[in-house]
1. Go through H233, H209 for me and flag whichever is within 30 Å of A184 (Cα to Cα) and open to solvent by less than 60 Å² (accessible area, probe 1.4 Å).
2. Could you say which residue among G212, G231 is farther than 30 Å from I157 by Cα and at pLDDT below 95?
3. For region 258-370, give me every one of the helices (runs of 4 or more DSSP H) that falls completely inside it and has 3 or more residues that are more than 26 Å from M149 (Cβ to Cβ).
4. Being within 30 Å of E229 (Cβ to Cβ) and open to solvent by 60 Å² or more (accessible area, probe 1.4 Å) narrows it down to one residue among R327, R304; which is it?
5. For E23, are the conditions met, namely being acidic (D, E) and crowded, with 23+ Cβ neighbours inside 10 Å?
6. Could you pull out the residue among P142, P136, P147, P131 that is over 21 Å from the mean Cα position of the chain (by Cα) and surrounded by fewer than 24 Cβ atoms within 10 Å (Cβ to Cβ)?
Amino acid sequence: MSDVASRQPAGKKPTRSEERAREADHPSSPSVVFGADKPLHLDCGVDLSPFQIAYQSYGTLNADRSNAILICHALTGDQHVFNTHPVTGKPGWWQTLVGPGKPIDTDRYFVICSNVVGGCMGSTGPSSTNPATGKPWGLDFPVITIPDMVRAQTMLIDHLGITKLFAVVGGSMGGMQVLQWATAYPQRVFAALAIACGAKHSAQNIAFHELGRQAVMADPDWRQGRYFEHGTHPRRGLGVARMAAHITYLSDAALHRKFGRRLQDRDEPTFSFDADFEVESYLRHQGSSFVERFDANSYLYLTRAMDYFDIAADHNGVLAAAFLGTRTRFCVISFTSDWLFPSSEARAVVHALNASSARVSFAEITTDKGHDAFLLDEPEFFAISRAFLEAAASTHGLNTVS
């Protein structure tokens, strides 16, 4: 257990940040520990062992184990897709898409989502206890990559006795994992639904991530990543990082529609640096609520993993070569107002798939909701996702409800 959680006075209700710290080693969800005989081979050259993977599952695995869907979460997501979150008490983050009768129908499919390696909700990451020291890993944790996350997921899928996944689904960083699954383990993925993502991180996205990391590291409470040992947490830095990132998840039109230039609970400007505008108040709330459920060092590690992602780099710079010979069926979805992963990046993936003679469909959905559209109420997105999965299920022989 981390120092923060262990210092909690008896009888005192833990804060959300204390509950989150406890989740790092003792998750509320199921978890699997892989021992010294099953190390995770990381791209940085380190063998991580022992390590833990925390996950959630929904629905029932059928007799021939052919109806499993793996959901890959985004940067600040976790395994709690459909259930109440153990720290925030809020509903699962993708209940718009996942659940009984939804496009990812838990009455039909066995749905799995694991917290990525490097995360902070039960899979081994920088806030987990380093068995060599008995203290949180902090910056002693090795740098991880998207391929590392997927290797850990394959070990979990093996542990669950699943040879081949019916589908892998994810948006943003989750979409990167979908593409990595499809290129690294094509024989294990029947269908891939990649949403609001690209085959590599752009210079602009790397720049935004560096801004966030510098905000965290500039906070005096960061303590060179050893804040758990000092009983501090870089709330201000992580809050600013979240505010900056959240702007990239939206669009100018969405911000104008939701806030415009309206003042927050006042008729006139205060002529101060208080949150005069509604949009200022909204961003401050996003920052302050985020720091209660997320670990600052995990933010550093996961943003760096996204920055390193570049599928073509492992294939002599030729993206089509990554998909050559694949039998996986693909659906790639983008949103017109997404300037974090614009449709041009999705089209580059589609063109590479076409060049490799892969089965692929592409949809560019018109919306003003920005990058986060895949998490919001977007009927066309739901309809396309459902149609793709139902067609794939029919081909895969999953015509009946489990």
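The values are calculated or read from the model by the stated rules, or taken from the named source; none is laboratory data. These numbers come from a predicted model, not from an experiment. Using ideal geometry, Cβ is built from the backbone for each residue, glycine included, and neighbour counts are taken over all protein chains shown. Side chains are part of the model used for accessible areas, which takes the heavy atoms of the whole protein and leaves out ligands, DNA and RNA. Shrake-Rupley method; radii C 1.70, N 1.55, O 1.52, S 1.80 Å.
1. Criteria check complete, one pass: H209.
2. G231
3. 278-290
4. R304
5. Spelling it out, E23 is indeed acidic (D, E) and crowded, with 23+ Cβ neighbours inside 10 Å.
6. P131
For every residue, the table says whether it meets (1) buried (at least 19 other Cβ atoms within 10 Å of the Cβ); (2) under 22 Å from R304 (Cα atoms); (3) out of contact with any Leu (no Cβ under 6 Å at 6 or more places or on another chain).
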residue: M217; (1), (2), (3): no, yes, yes
residue: W222; (1), (2), (3): yes, yes, yes
residue: G239; (1), (2), (3): yes, yes, yes
residue: A245; (1), (2), (3): yes, yes, yes
residue: Y249; (1), (2), (3): yes, yes, yes
residue: H256; (1), (2), (3): no, no, yes
residue: T270; (1), (2), (3): no, no, yes
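One line per residue, one yes/no per condition, for (1) within 25 Å of P14 (Cα to Cα); (2) of a type outside the set (G, A, S); (3) in contact with a strand residue (DSSP E or B) (Cβ under 8 Å, 6 or more places away or on another chain):
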{"site": "T232", "(1), (2), (3)": "yes, yes, no"}
{"site": "G237", "(1), (2), (3)": "yes, no, no"}
{"site": "A245", "(1), (2), (3)": "no, no, no"}
{"site": "H256", "(1), (2), (3)": "no, yes, no"}
{"site": "F271", "(1), (2), (3)": "no, yes, no"}
{"site": "R304", "(1), (2), (3)": "no, yes, no"}
{"site": "I311", "(1), (2), (3)": "no, yes, yes"}
{"site": "A321", "(1), (2), (3)": "no, no, no"}
